[in-house]
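To keep things clear, I will list the structure first and then write my remarks on it.
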């Protein structure tokens with residue numbers, strides 16, 4: 001069997017509360033079921049392993065309606081064994097998606113070296129913008145063009161975007177772009193349906209839903225375009 005050109009990616013931020021785990025689940029589920037990409041999702045939230053727990057709840061919730069044996073694997077890992085876990089799947093799948101803990105610390109920061117592409121979600125909050133820019137700068141200074149790092153690209157994007165605050169978001173984007181930050185074209189709207197209904201490890205978003213340019217499917221397409 002021909003070896004796959006595996007891409008290791010993550011929606012990751014320097015602190016929690018910006019919806020990165022929801023985005024990683026949505027990304028994994030929809031790339032796998034809708035775009036027929038082979039992948040594995042790494043859960044590094046030791047010892048809670050919230051993504052693995054979510055999979056178990058989804059299996060229980062769907063019952064016999066969905067064959068969970070055909071689902072993409074969610075692997076519980078930690079930062080001492082993650083290199084071995086990556087090697088187990090590398091070359092066998094299209095994507096390895098790593099979900100990091102809420103806060104990046106010294107231990108988890110070492111695993112950022114394994115990523116090919118980083119997608120940083122943030123909201124239009126003054127402190128959020130400052131921490132996002134600081135995180136972006138740190139990655140650019142220490143991971144890009146570093147022989148010890150796989151990192152090829154870093155993209156920042158609005159998550160929980162609100163149309164009623166369009167002017168504020170546009171001002172924030174202009175400020176970041178002037179500072180040299182590479183922004184995604186896509187923006188993900190603030191919608192409770194993403195966390196309450198579509199954050200599912202077994203069932204993708206229906207074809208007829210979320211097709212507006214500011215809905216999450218545009219984010220999926222842009223990720224695939226960047227990582228192809």
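Among rounded, prolate and oblate, which fits the stretch 70-111 when a ≥ b ≥ c are the square roots of the eigenvalues of its C-alpha gyration tensor, a/c under 1.5 means rounded, and a/b larger than b/c means prolate? Verdict is prolate for the stretch 70-111. Dividing the helix sum by the residues of the chain, where each DSSP H run of 4 or more adds -39500 (n - 2.57), gives a mean residue ellipticity at 222 nm of -11500 deg cm²/dmol. In percent, rounded to a whole number, the relative contact order of the stretch 141-209 is 32, using alpha-carbon pairs under 8 Å and six or more apart. As a rough footprinting exposure proxy, the listed residues 65, 128 were ranked by other beta carbons within 10 Å of their own, and the order from fewest upward is 65, 128.
Global dimensions of the stretch 175-228 from alpha-carbon coordinates: Rg and Dmax equal 13.4, 40 Å.
Here the simple spin-label model places points 7 Å from the Cα toward Cβ, and for residue 195 and residue 226 these points are separated by 2.3 nm.
Exposure proxy ranking for 199, 187, based on other Cβ atoms within 10 angstrom of each Cβ and starting from the fewest, stands as 199, 187.
With an a/c value of 1.5 or above and a/b not larger than b/c for the gyration tensor axes a ≥ b ≥ c computed over the alpha-carbon atoms, the stretch 36-119 is described as oblate. Of all beta bridges that DSSP places with both ends in the stretch 7-227, some 0 percent have antiparallel geometry.
Values quoted throughout were computed directly from the atomic coordinates according to the rules given, and no laboratory measurement underlies them. The structure presented is a predicted model; accordingly, all values stated were derived computationally and were not measured. Neighbour counts run over all protein chains shown; Cβ positions are idealised from the backbone, glycine included.
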